[in-house]
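The block underneath contains the structure these notes are about, expressed in structure tokens.
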Amino acid sequence: FEPVSVGIAIGAVSALTGYLSYSDFYCRFAECCNEERPLNASALKLDLEEKLFGQHLATEVILKALTGFRNNKNPKKPLTLSLHGWAGTGKNFVSQIVAENLHPKGLKSNFVHLFVSTLHFPHEQQIKLYQDQLQKWIRGNVSACGNSVFIFDEMDKLHPGIIDAIKPFLDYYEQVDGISYRKAIFIFLSNAGGDLITKTTLDFWRAGRKREEIQLKDLEPVLSVGVFNNKHSGLWHSGLIDRNLIDYFIPFLPLEYRHVKMCVRAEMRARGDAVDEDVVTRVADEMTFFPKDEKIYSDKGCKTVQSRLDFQ
Ligand SMILES: Nc1ncnc2c1ncn2[C@@H]1O[C@H](COP(=O)(O)OP(=O)(O)OP(=O)(O)O)[C@@H](O)[C@H]1O
């Protein structure tokens, strides 16, 4: 929409109605950054509970972190979430749900920014350049919209030095060069720590305990230390962990056969098809499971479900 004509239209309508403000009207047509827009916590809860399978910890922590952060009128620092887990367990999927609940256009919003390490920061020799670009990009976007969301995918493939470039933005400063970053949200996605999460989940299973009994305290400490000491985590000896700038380490548990089936059903519904249990079983049976003996967890989580469904 072209701002001048929208402005004229708004003027006309406002004169007629007398109560529609410019911004109200403009924002019906163009995307606006509404820093005051409250988070609909029950909508987010419903989304997570209905769409995300087998991740009771992620559901609980994300909900708590986001509602707490958005209810706080004066956060002391931006919110930083570090999501960890095996491939295909829902990290990107959750980021998308979170993005949509914060900005209705989700990943397509002008205020949600996705960085993929292998795509945006591929060359190790260019770290300095990437650091500068990243700082500029974040500064520019946060000055345009305070509650911008930045998602960093494939953190485990990111040179650790790169993320340290954004450390000043994540810290407890009121402003950095006249800009406040305190309402922004940073989400880091990584496979690092997936082995530790799997080990704990498997230990519970072998002890005959329910997966839902696993608590954050069983995983969070192992995860933060493990990731800090893992050269391939993107956060290796990173100042972000050192200075406690990551607010939550969120574990994604490996998915079981029953969760894969749930993903197949969800995908069928999303395509507008009736759920056919024979197909659901066929797709789930085609996936491979580990460990070798027990075969409990899907190697690729729910990742290849969509393409497998195409071939049924
Ligand atoms: N826990 C889950 N609940 C529901 N759907 C899921 C879940 N995990 C994965 N999926 C489905 O599988 C697709 C792929 O998962 P997603 O991209 O979120 O995995 P990921 O954890 O980000 O993997 P990677 O580490 O390889 O990037 C999602 O788009 C979603 O449809």
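None of the figures in this text is laboratory data; all of them are computed from the coordinates on show. Only a predicted model underlies this, so the values are computations on that prediction, with no experimental measurement involved. FYI the Cβ positions are ideal-geometry reconstructions off the backbone, even for glycines, and counts take in every protein chain you see.
Figures for the structure shown
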{"quantity": "Leu119-Lys167 pseudo-label distance in nm [points 7 Å out on the Cα-to-Cβ vector]", "calculated": "2.8"}
{"quantity": "Ranking of Cys302, Cys145 by count of other Cβ atoms within 10 Å, fewest first", "calculated": "Cys145, Cys302"}
{"quantity": "Residues of the range 128-161 with amide N under 18 Å of the 7 Å Cα→Cβ point at Cys32", "calculated": "144-148"}
{"quantity": "Selection from Ser109, Asn71, Leu39, by position along the positive dipole direction of the chain (Cβ)", "calculated": "Asn71"}
{"quantity": "Placed amide H near Tyr297: partners under 5 Å, 5+ positions off or other chain", "calculated": "Phe290"}
{"quantity": "In order through the range 145-152: 3J(HN,Hα) via Karplus (6.51 cos²θ - 1.76 cosθ + 1.60), integer Hz, x for Gly, Pro", "calculated": "8, x, 9, 5, 10, 10, 10, 10"}
{"quantity": "Two-site FRET efficiency, Ser307 against Val225, from Cβ-Cβ distance with R₀ of 35 Å, rounded to 0.05", "calculated": "0.45"}
{"quantity": "Nonlocal amide H pairs with Phe186, under 5 Å, H built at 1.01 Å", "calculated": "Leu79, Thr80, Leu81, Phe150"}
{"quantity": "Calculated over the range 44-187: convex hull of Cα atoms, volume per residue (Å³)", "calculated": "110"}
{"quantity": "Sites Asn110 and Lys51, calculated FRET efficiency, Cβ-Cβ separation with R0 22 Å, nearest 0.05", "calculated": "0.35"}
{"quantity": "Unit Cα scatterers, Debye sum, the chain: log10 I(q)/I(0) for q = 0.07, 0.13 Å⁻¹", "calculated": "-0.32, -1.01"}
{"quantity": "Positive dipole terminus of the chain, leading residue within Tyr26, Leu57, Asn244 (C-beta point charges)", "calculated": "Asn244"}
{"quantity": "Förster radius 45 Å - calculated FRET efficiency between Asp24 and Arg211 (Cβ-Cβ, nearest 0.05)", "calculated": "0.45"}
{"quantity": "Helix-only CD estimate at 222 nm, as mean residue ellipticity for the chain, using -39500 (n - 2.57) per DSSP H run (n ≥ 4)", "calculated": "-14500 deg cm²/dmol"}
{"quantity": "Phi-based couplings in Hz for the range 305-312 (Karplus 6.51, -1.76, 1.60; Gly and Pro marked x)", "calculated": "4, 4, 5, 5, 5, 4, 9, 7"}
{"quantity": "Pairwise label distance in nanometres, Asp203 with Ala87, each label 7 Å out on the Cα-Cβ vector", "calculated": "2.6"}
{"quantity": "Set of lysines near Lys292 by C-alpha distance (under 19 Å), chain-local residues within fewer than 8 positions excluded", "calculated": "Lys199, Lys300"}
{"quantity": "Using alpha-carbon coordinates, inclination of helix 216-228 to the longest axis of the chain, degrees", "calculated": "80"}
{"quantity": "Mean separation of Cα contacts under 8 Å, 6 or more apart, over the residue count of the chain: relative contact order %", "calculated": "22"}
{"quantity": "Gained length - Glu174 relative to Lys300, 0.36 nm times residue gap less alpha-carbon distance", "calculated": "41.2 nm"}
{"quantity": "Where Rh is the Kirkwood radius over Cα pairs, Rg/Rh for the range 247-298", "calculated": "1.10"}
